1. Only residues that are more than 7 Å from chain B (Cβ to nearest Cβ), in a helix (DSSP H, G or I) and surrounded by 16 or more Cβ atoms within 10 Å (Cβ to Cβ): list them for the stretch A:180-213, please.
2. Say whether the condition of being touching a strand residue (DSSP E or B) at 6+ places or on another chain (Cβ under 6 Å) and either on the phi < 0 side of the Ramachandran plot or assigned to a helix (DSSP H, G or I) (or both) is met by at least one residue in the stretch A:354-368.
3. If I go through the stretch A:580-628 residue by residue, how many of them are assigned to a loop (DSSP other than H, G, I, E, B) and loosely packed, with under 13 Cβ neighbours inside 10 Å?
4. Can you confirm whether the stretch B:50-71 contains a residue that is under 21 Å from residue A:177 (Cβ atoms), surrounded by fewer than 19 Cβ atoms within 10 Å (Cβ to Cβ) and more than 10 Å from chain A (Cβ to nearest Cβ)?
5. What single numbered condition from (1) without any contact (Cβ under 8 Å) to a residue 40 or more places away in the chain; (2) within 18 Å of residue A:483 (Cβ to Cβ); (3) of a type outside the set (D, E, K, R) fails to hold for residue A:400?
6. Check residue A:216 against each of (1) within 14 Å of chain B (Cβ to nearest Cβ); (2) over 21 Å from residue B:57 (Cα atoms) and name the one condition it does not meet.
7. Kindly evaluate residue B:37 against the criterion of being within 12 Å of another protein chain (Cβ to nearest Cβ) and either in contact with a Gly (Cβ under 8 Å, 6 or more places away or on another chain) or surrounded by fewer than 18 Cβ atoms within 10 Å (Cβ to Cβ) (or both).
8. Only residues that are hydrophobic (A, V, I, L, M, F, W, C) and under 19 Å from residue B:19 (Cα atoms): list them for the stretch B:67-88, please.
Amino acid sequence: MQLDESLQIYIIESRDLLQQMEEALLTLEQNPEDEEKINAIFRAAHTIKGSAGLFGLDFIISFTHVAESVLDKVRNGQVPVTEEIVALFLEVGDFICKLIDHVAEGTTPDADTMVVNDGLINRLNVYLGAPRATAAALPVASQNEASGVVESLDGVETSCWHISLRFGPDTFRSGMDPFSFLRYMNTMGKIVHVATITQALPSLEEMDAESCYLGFEISYESQASKVEIESIFDFVRDDCDIHILPPHSQVQHYIDLIDRLSNEEMKLGEILVKCGTLTPTELEAALVQQADVATVDKQPIGQTLINAQLVQPAVVNAALEKQRQVKESKNSESNYIRIDANKLDELINLVGELIIAGAGATLIADKLGDGAMNEATSNISTLVEQVRDSALALRMVQIGATFSRFNRVVRDVSKELGKDIRLEISGEETELDKTVVEKISDPLTHLVRNSMDHGIESAEVRVPKGKPAYGTLKLNAFHDSGSIVIEVSDDGAGLNRDKILAKAIDKGLVSAEQSLSDKEIYNLIFEAGFSTADAVSNLSGRGVGMDVVKRNIQALRGTIDIQSTPGLGCTMSIRLPLTLAIIDGFLVGVADSSYVVPLDMVVECIELSAEDYASSVSDKRNFINLRGEVLPYLKLRDEFECKGEPPIRQNIVVMQYANQKIGLVVDKLIGEFQTVIKPLGKVFEHVKGIGGFTILGSGSVALVLDVPRMMQLANMESIKEQALVES
Amino acid sequence: MPVMINTNEARCVLTFSGELNIYNAAETLSQIKAEMSNTLPIHVDLAAVDEADAAGLQILMAIRLHTLSHGLAFQLENPNEAVMALIELSDMAGFFGVTQVFTDIAA
């Protein structure tokens with residue numbers, strides 16, 4: 001299904017708006033007085049409806065129209081913000097999202113959807129049928145004019161129709177002349193005032209003589225009905241933007257018009273004049289008055305007009321709002337560009353190649369030993385490094401958007417479970433690669449649900465323990481040595497060590513004789529087919545998920561870790577690499593081969609003393625005393641079975657990852673190296689301890705070590721125990 | 001030739017004749033783009049125009065906007081009935097300065 005580009009944008013924007021609407025609703029639930037949020041919700045619904053009109057998406061228009069009407073009442077204070085309203089509108093939001101999905105798939109809603117549609121509309125209509133709290137919105141009728149009564153609070157004073165026309169670019173080409181419509185209008189009534197909109201006209205150089213750029217704002221006096229007036233424009237209806245407002249229209253309609261109207265930045269006065277709300281003379285008078293007042297107290301024109309009682313305050317507010325929005329959207333438009341993700345990937349690939357080529361040039365310059373040449377290449381590599389960083393930064397997004405989605409999850413799940421659970425979010429400005437963000441959302445959802453279901457106890461259990469009746473779930477993110485750490489923590493009961501162990505033995509995952517550390521036991525929950533919930537609940541407890549969570553995280557070269565304190569809560573930390581493609585590496589050599597480790601994990605480099613080496617050979621001891629701390633190490637020479645004798649002086653590269661340290665014994669330290677990680681082919685997929693390879697400037701291949709994996713291989717715990725025994 | 005453009009030291013005169021409408025709008029505009037001055041006062045003579053439509057008026061509007069954005073003086077001379085009808089219909093008399101002689105001076 002090939003979608004029109006603008007429709008695609010509509011879909012994206014609508015989803016964004018629904019997201020904002022949901023966030024606003026959740027805030028509103030806590031703080032029902034927040035008028036700004038009510039307005040935000042209204043605007044979201046209004047925009048979705050308005051834009052749906054452009055694409056003729058009738059099923060969206062008809063539904064959102066009802067929702068918007070209720071929201072309008074909420075906004076006017078005629079319907080109070082209650083829990084039911086918030087819940088209803090969360091459902092409404094979900095449903096609109098479903099409708100948008102239909103648009104995205106290019107399908108129309110099926111019968112089931114329509115049942116939901118009708119159900120929601122019925123529930124919304126309850127609020128519309130409610131008696132009106134204020135005497136608003138007098139019926140639109142031109143008879144009132146005859147009696148000379150000035151219209152209600154809500155209706156504007158003009159007694160003319162207001163017609164807003166924007167002719168489409170193909171008007172001339174399809175043989176129409178905009179003036180013929182104006183002439184025809186004069187046969188059915190009288191054009192009282194017309195303002196020609198020239199803002200859309202491009203400069204002479206850019207203008208296309210056969211495209212129509214014209215628009216008119218017309219104040220029109222006529223006894224004709226709306227249908228008759230509409231029929232004037234039948235021939236150009238498809239191509240044009242036409243709005244017709246009856247005489248004494250309610251202020252809201254003018255607000256709508258101003259909302260929809262041209263996007264050019266216009267002066268407030270002009271907007272009002274063009275809408276026929278003010279005549280130019282009225283505006284001039286107001287301007288004069290403003291000038292008079294200015295000497296005493298400078299008032300904005302909007303205020304002046306209200307004081308002179310020439311316009312309704314709401315009309316001025318709408319005009320001001322429009323001005324502000326035009327400015328804001330101009331600002332944000334110029335700040336953001338939507339880019340095809342493929343183009344970005346291509347750029348990053350090229351940067352990768354550039355880095356490799358640059359490394360080659362540096363190497364040759366080194367060999368030549370030419371000072372000037374060396375300086376030039378070092379300048380270039382500094383720049384290449386910066387280019388690389390900014391290219392990668394393009395892909396970085398803040399995790400906040402992902403986090404805030406959990407407000408809804410937590411709200412819904414806590415309602416479902418009958419627990420009062422609050423979500424605290426921190427570190428939302430932490431950035432990580434977009435591809436990682438997309439893939440982390442599902443595992444995170446599972447962890448959050450799991451914590452709420454199994455971790456946090458019910459209020460009856462909590463209160464006797466001296467905990468607050470409401471549970472707290474925290475989402476946190478931060479950067480730590482080249483990776484991002486995402487924590488999901490709860491203040492629940494913590495993991496039950498004995499229960500997990502019993503279950504694992506029961507399931508045959510471990511044998512009863514095995515002695516396991518707490519950590520090992522906690523990790524059992526990631527085994528396939530493990531579930532400890534006594535009752536299988538709707539949310540979790542089916543024994544699928546935690547193993548999938550772990551697999552998903554591992555697929556991103558990440559790890560997951562559990563810290564649990566019985567009775568106080570549990571924290572799951574997910575640790576992920578920041579990027580998947582390019583890293584700052586540290587190049588080391590063993591025999592004739594080169595290896596790369598991530599520079600972020602390197603803490604220091606020390607020399608392996610002769611006596612430590614001797615004891616490693618004689619006692620197979622593989623740790624050293626690093627300033628009073630046990631440092632286990634791996635000899636890469638042994639690990640990769642390199643041939644030949646080790647040199648007299650060997651070095652240890654001290655690496656740190658997830659609060660663990662390990663030393664790697666290497667022959668020589670070569671230095672920093674920008675590394676483009678290339679994945680290994682299928683054949684080598686299962687080689688442990690190697691994360692990929694890279695190409696050096698010389699053209700030879702270096703393997704990229706997967707340090708977390710090597711730590712597992714080294715079986716650190718047992719080495720430490722060995723060290724304890726010895727001391 | 002729907003438009004003749006004569007430029008001397010003092011001003012640039014655009015003399016339109018015959019039809020000023022969609023049928024020759026493209027030709028007219030390309031001529032104007034090529035020859036019209038960015039610096040001199042612009043005089044538009046419409047005496048010989050006998051038919052005009054919105055596409056034609058749109059070109060006049062673009063010329064007028066051009067003079068406004070470049071701060072040039074603009075004068076519309078001898079608008080005949082065909083053009084005046086449109087200018088009145090669209091309430092653009094003030095915009096074109098046809099009721100009085102316009103004297104925009106560059107700031």
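The values are calculated or read from the model by the stated rules, or taken from the named source; none is laboratory data. These figures come from a predicted structure and were not determined experimentally. Quick reminder, even Gly has a Cβ in these numbers, built from the backbone with ideal geometry, and neighbours come from all protein chains shown.
1. Passing the criteria: A:181, A:185.
2. Step one: list which residues in the stretch A:354-368 are touching a strand residue (DSSP E or B) at 6+ places or on another chain (Cβ under 6 Å), which gives A:355-356.
Imposing the further condition that a residue be either on the phi < 0 side of the Ramachandran plot or assigned to a helix (DSSP H, G or I) (or both) reduces the set to A:355-356.
Yes: one or more hits.
3. Step one: filter the stretch A:580-628 for residues assigned to a loop (DSSP other than H, G, I, E, B), giving A:580-581, A:591-592, A:609, A:619-622, A:627-628.
So of that shortlist, the ones also loosely packed, with under 13 Cβ neighbours inside 10 Å come out as A:592, A:619-620, A:627-628.
Qualifying residue count, the stretch A:580-628: 5.
4. So far as the stretch B:50-71 goes, yes, one or more of its residues are under 21 Å from residue A:177 (Cβ atoms), surrounded by fewer than 19 Cβ atoms within 10 Å (Cβ to Cβ) and more than 10 Å from chain A (Cβ to nearest Cβ).
5. Looking at each condition in turn, residue A:400 falls short on (2).
6. Condition (2) is where residue A:216 drops out.
7. Numbers: within 12 Å of another protein chain (Cβ to nearest Cβ): yes; either in contact with a Gly (Cβ under 8 Å, 6 or more places away or on another chain) or surrounded by fewer than 18 Cβ atoms within 10 Å (Cβ to Cβ) (or both): yes.
Yes.
8. Looking only at the stretch B:67-88, we keep the residues that are hydrophobic (A, V, I, L, M, F, W, C), and these are B:68, B:72-74, B:76, B:82-87.
Selection gives B:76, B:82, B:83, B:84, B:85, B:86, B:87.
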